[in-house]
Each structure stands twice: as structure tokens, then as C-alpha cells.
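Every read-out reported here was derived from the displayed coordinates using simple, explicitly stated rules and does not represent laboratory data. Predicted model only: the values in this text are computed from it and were never measured. Reconstructed Cβ throughout: ideal geometry from the backbone, glycine too, with neighbour counts over all protein chains shown.
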Amino acid sequence: MHLHILDKKDLFYGLLSFALATGIRAIPEFLSPKYPVGYDIVMYAYQAPRLLCDVKVVPELLKGAPLLYLLIRMLLMVSELNPLFLFKIISPIMYGFLLLSFYTFLRRTLGWRESRSLLCTIICALQVPALRLSWDLLRNELGLTMFFLYMAVVTGYR
């Protein structure tokens, strides 16, 4: 298996896609500083701190999709922030990682040039369905991020 080492240009475009996506997603968070953006954020903010308190056995934990809750729970324990405020910070960063993984997918799996992959990533970042996904469905967003990275590693030919 051949591992491709990123060159400086590819790294620059990847970081640029992350920064642009994070900035685009941060706009609604800045426009409503007191209120959560999206419907499911309130549910996530309620469930994440209570995850380990409500579960009695490990198989019960594995019935759902607890990865997002576990990550948020760890961040809450480390930072001791208000859960709603933490989601205001985490949501744009997760959107940035989603589109960075999409850029990586385009580069490695499809073998497109850096500029073409960045253009497609920006177009994807501005699509209403992608933004809607990032406003509410953070578990799906995390799953798509892992899917794009998995596909880039498994099917990447460079």
C-alpha cells in the first residue's frame, strides 16, 4: 500500500477548505448569539452530559449512535462549558472537518487537481442541504465525515 505524502500546495488547499467551511457555518452562530441554531442542538445539549448516567450496561450504550455524545461528553468534562455554548463552537468546526474530508475524498478518490477539488468543496459548503445537515444532524455529519475519510483511504489511488 502506497502512502501519499501531502505537498504544501495540497495542505494549503485542504486548510483553506476547512477555514472557508468553518467560516460559512459560523455566520448563523454569530447572528444568534443567545439561541441555538437548529432544532436538535437542544436535544444533544441535554443528552450529552447525561449519557453515562442513564446507561446501566455497555450493550445498552451500543444500541444507538453514541460517538458524538461521547466526544461531547469528554469535551464538557474537560472544558466545563455550558453545553449550548460548546455546541456553538463545535458545530462550525465539525462542518469544517466534514468539508475537509470531502476535499480529501475528491483529491484521493477521484484524483482531481487541488483547485478543482477546492471549487467543488466550496460549492458543496454553500448548498442548503449541507448547511441544513450541519444545523441539526450532527451525528449524521460525523458519520459522513468518517465515511469520506474511509473512502479516501480505501479507494485512494494516489
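Annotations
- Cα-centred dipole magnitude for the chain, charges only on beta-carbon of K, R (+1) and D, E (-1), debye, nearest 20: 280 debye
- Over the chain, relative contact order from alpha-carbon pairs under 8 Å, at least 6 apart, %: 35 percent
- Using only the C-alpha atoms, the convex hull of the stretch 95-158 corresponds to 64 Å³ per residue.
- Semi-axes of the equivalent ellipsoid for the chain, computed as √(5λ) from the eigenvalues of its C-alpha gyration tensor and ordered from largest down, come to 30, 20, 12 Å.
- Taking a span of 20 Å or more along the helix axis (Cα atoms) and a mean Kyte-Doolittle hydropathy of at least 1.0 as the rule, the DSSP H helices of the chain that qualify are 83-108, 138-155.
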